[in-house]
1. Provide a single number: the residues in the stretch 155-184 that are over 30 Å from residue 354 (Cα atoms) and part of a strand (DSSP E or B).
2. Only one residue in 282, 241, 247, 230 is out of contact with any helix residue (DSSP H, G or I) (no Cβ under 8 Å at 6 or more places or on another chain), in a helix (DSSP H, G or I) and modelled with pLDDT of 90 or more, so which one is that?
3. Is it fair to say residue 142 is assigned by TED's automatic domain parsing to the domain that holds residue 66, surrounded by fewer than 19 Cβ atoms within 10 Å (Cβ to Cβ) and over 29 Å from residue 56 (Cβ atoms)?
4. Only one residue in 94, 89 is modelled with pLDDT of 90 or more and in a loop (DSSP other than H, G, I, E, B). Which one?
5. In the stretch 36-55, how many residues are surrounded by 12 or more Cβ atoms within 10 Å (Cβ to Cβ) and over 16 Å from residue 67 (Cα atoms)?
6. Report, by residue number, each residue of the stretch 293-314 that is out of contact with any strand residue (DSSP E or B) (no Cβ under 7 Å at 6 or more places or on another chain) and surrounded by 15 or more Cβ atoms within 10 Å (Cβ to Cβ).
7. Kindly provide the set of residues from the stretch 102-115 that are part of a loop (DSSP other than H, G, I, E, B) and out of contact with any helix residue (DSSP H, G or I) (no Cβ under 8 Å at 6 or more places or on another chain), ordered by number.
8. For the stretch 210-269, how many residues are free of Cβ contacts under 8 Å to residues at least 40 places away in the same chain and under 30 Å from residue 302 (Cα atoms)?
């Protein structure tokens, strides 16, 4: 978005107010554990009418409801984890800091597009005014009724507006007759059942020297000074670049895999447990396996390709030729079966076992193994 400094300051006030309402709803739930989502909606009205928080009434009413919904989403996720009896922490909701990156979300009111749909105006009492939209997306392809929400996101390099659209996205593809199993790793980003490998880009490792230099510059500045704020902004931009590189790679790799095969099987990894290894935590986080999996599942819906997540247990230990268990350490990179004499790369052997597991379960779960078969997706563009 393009605008004046005062306009962005008004947006920042709206973002802080949105976060204040979200945290207040969370506190209200902590004090009254039996409240429902409708009770949080009612509490938003109480906050708006409270003379001790007059800024809450300046935010659009539906934006206040969206803040309550975001708080309830964290609460519902916590309850769901408790019901599933997940080990360890259950994701107890936490308060959001006011000065970190944030967003404010409007529903169908509080904003208005210009006739050419190249400008957007925010009509709540913060008075942010009109902004010029920049980007490659043309909103003229969509009806206004399809825009369900408008989200303003603050990042280290500026403010962005996202439009959440209710559209059905499907893309045609020619059947290839191919099936593939994927084994992700640290040496290679993934190895498939055909023996093909993709190099691990290691975006964080490559940018580590620059990030350390930017962090030292922050540490040398006086706390509370303008120079420190500038140094923090430069550091945030450097981290944001790494984040975008990682996402871009995951999106392109996932799209290529799904579009090239009629069936994709991958490991259902518990990354939260894997990063507890202090020697591998940074490398695992840099690989972004979770991001890669999410985009594989998304493109599976878009292209109508079956994607199945299978248990990773013994996929590296079992022999893909005879099925016998061949125990090996993590440093052993070649699979040698003493029972049948089969010799193969460790990762390819695991990928073949992953494919076999996926094919054995695909007939029972349908096209989408994660329990969804609809192609109507909420897209956020911006």
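1. The number of residues fulfilling the criteria is 12.
2. Only one candidate passes the filter, namely 230.
3. yes
4. Result of the check over 94, 89: 94.
5. Summing the residues that are surrounded by 12 or more Cβ atoms within 10 Å (Cβ to Cβ) and over 16 Å from residue 67 (Cα atoms) in the stretch 36-55 gives 1.
6. 295, 298, 299, 302, 303, 304
7. Once the filter is applied, which keeps residues that are part of a loop (DSSP other than H, G, I, E, B) and out of contact with any helix residue (DSSP H, G or I) (no Cβ under 8 Å at 6 or more places or on another chain), the stretch 102-115 yields 114, 115.
8. 7
The values are calculated or read from the model by the stated rules, or taken from the named source; none is laboratory data. Source: prediction; values computed, not measured. Cβ: placed from backbone, ideal geometry, glycine included. Neighbour counts: every protein chain shown.
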